Amino acid sequence: MSEQLIIRLGSTRLDPIQWLVYSTQDEDIIASGELADASHLATLTQRAAGRPVTALAPTSDILLKWVSLPPRAGRKALAAIPFMLEDELSTDIDTQLFAVGPKSGNQQAVAVVAKEKLQDWLSSLEQAGLYCHKIIPDILALPEADGHWPLLQIGEHLLLRQDQWKGIQGESEWLLSAISHYAKQQPEGIIVANYSDLKLPSLPNITLSEQPLDMPMKVLAQGALDCSFNLLQGEFRPKQQQKGQWQKWRLVATLAGLALATSLIERGIQAQQLASERTQLEQQIRAEFHRALPDVTRVVNEKSQMQQKLRELQQGGAGASMLAMLSQLSDAFAQSRLRPQTLRFDSNRAELRMQAEADSFEALEQFRRLAESQGFSVQQGAINNTDNQVVSSLSIRS
């Protein structure tokens, strides 16, 4: 959907909440605002109006870590991640959600958040009638730039992204000191890309790069929609996705039921032998007969004439038949995906002529090679390109 509702949640239900309705098609803001706390989320129900809802969670409540995995690690290694981080956590790992993010070589990105905290965010949204399909740490919505630390002020908070999977978020007063501390530890100077009108004091080892000013929530909305990571994993996976799977199976069941009902109806019509239906069937049979055998101008009994034609094809000429040739060429047709449009068989010359359609010139060439490997001689006529398909005439001799 081209319009999205982006909500930046607070660490508690008493914190202010910023929101924005963003059009991805026009790359513009439709509406935006700030709520005093989570109790006012219900006022956004009409703003959602069926739009997908993405929530940004405070990074201060989420631990972002890189975990070293063995080469060619599988699902068992991912399942062991909570135990690998157990010593770094002050709480029981059973109370934490470990959501996996991107992977770089043997390094696996992991986001750790308390299940109780994540459930509280979801409950706040659900109580307001808002279905959230995606939650990401707010610093991952900042632009990602090599060699730069993007910085954004929103409300009383600062957000700083240090790399692909690292950043800090918190109140402006102490975060400036934290930024200075981090910068002093770097071997080279740091470039801070400032996306807000915040006037930063001169900090050691830091060079400021002023970026074009824009509404903070618009900057975060653009980054959030580009971010593929989602905290809602495992037991928190959105129910709508599960419902979507059921919708697919329900569609299959409906189509199967429809096919069965159609089959029963057709059998009923055949059993009743209605004159009108019989006439329609006879007309369809005659039309198919003329389409298959356009050279036969006088039709007396379609069934007997068709059987006679089949016997002629089976007898063939020069020790070959059309059916035998088609049988031997079945693999060539299947592998090249060549689709015959018309077929003609010259029994005297043991030659099969056809107008055929393929997806590409390479497919035609593949059919020729496969047919010749079966002992056939293939002559190719003019080739035409029509509607992204290749059409050519072929003469195949046994």
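Computed from the coordinates by the stated procedures, all read-outs in this text should not be read as laboratory data. Here the structure is a predicted model, which is why all the values come from computation and not from measurement. Every residue, glycine among them, receives a Cβ derived from its backbone with ideal geometry; neighbour counts consider all protein chains shown.
Placing unit charges on each Cβ (+1 for Lys and Arg, -1 for Asp and Glu) gives the chain a dipole about its Cα centre, and among 212, 193, 233 the Cα reaching farthest toward its positive end belongs to 233. Rounded to the nearest 10 degrees, the inclination of helix 239-272 to the longest alpha-carbon principal axis of the chain is 20 degrees.
Projecting each Cα onto the charge dipole of the stretch 65-126 (Lys/Arg +1, Asp/Glu -1 at the beta carbon, about the Cα centre), which of 95, 73, 119 comes out farthest on the positive side? Towards the positive end, the residue furthest out is 73.
In the chain, the DSSP-assigned H stretches of four residues or longer account for a calculated mean residue ellipticity at 222 nm of -11000 deg cm²/dmol, using -39500 (n - 2.57) per stretch and the full residue count as denominator.
Output the pairs from 103/218; 115/239; 117/218; 166/218; 134/239; 134/218 with a Cα-Cα distance over 19 Å in this structure; if there are none, say none. Beyond 19 Å between Cα atoms: 103/218; 117/218; 166/218. Taking every DSSP beta bridge that has both ends in the chain, the antiparallel portion is near 75%. When +1 charges are put on Lys and Arg Cβ atoms and -1 charges on Asp and Glu Cβ atoms, the dipole computed for the chain relative to its Cα centre reaches about 2200 debye. Counting 0.36 nm for each residue step from residue 191 to residue 171 and taking away their Cα separation leaves a gain of 5.1 nm.
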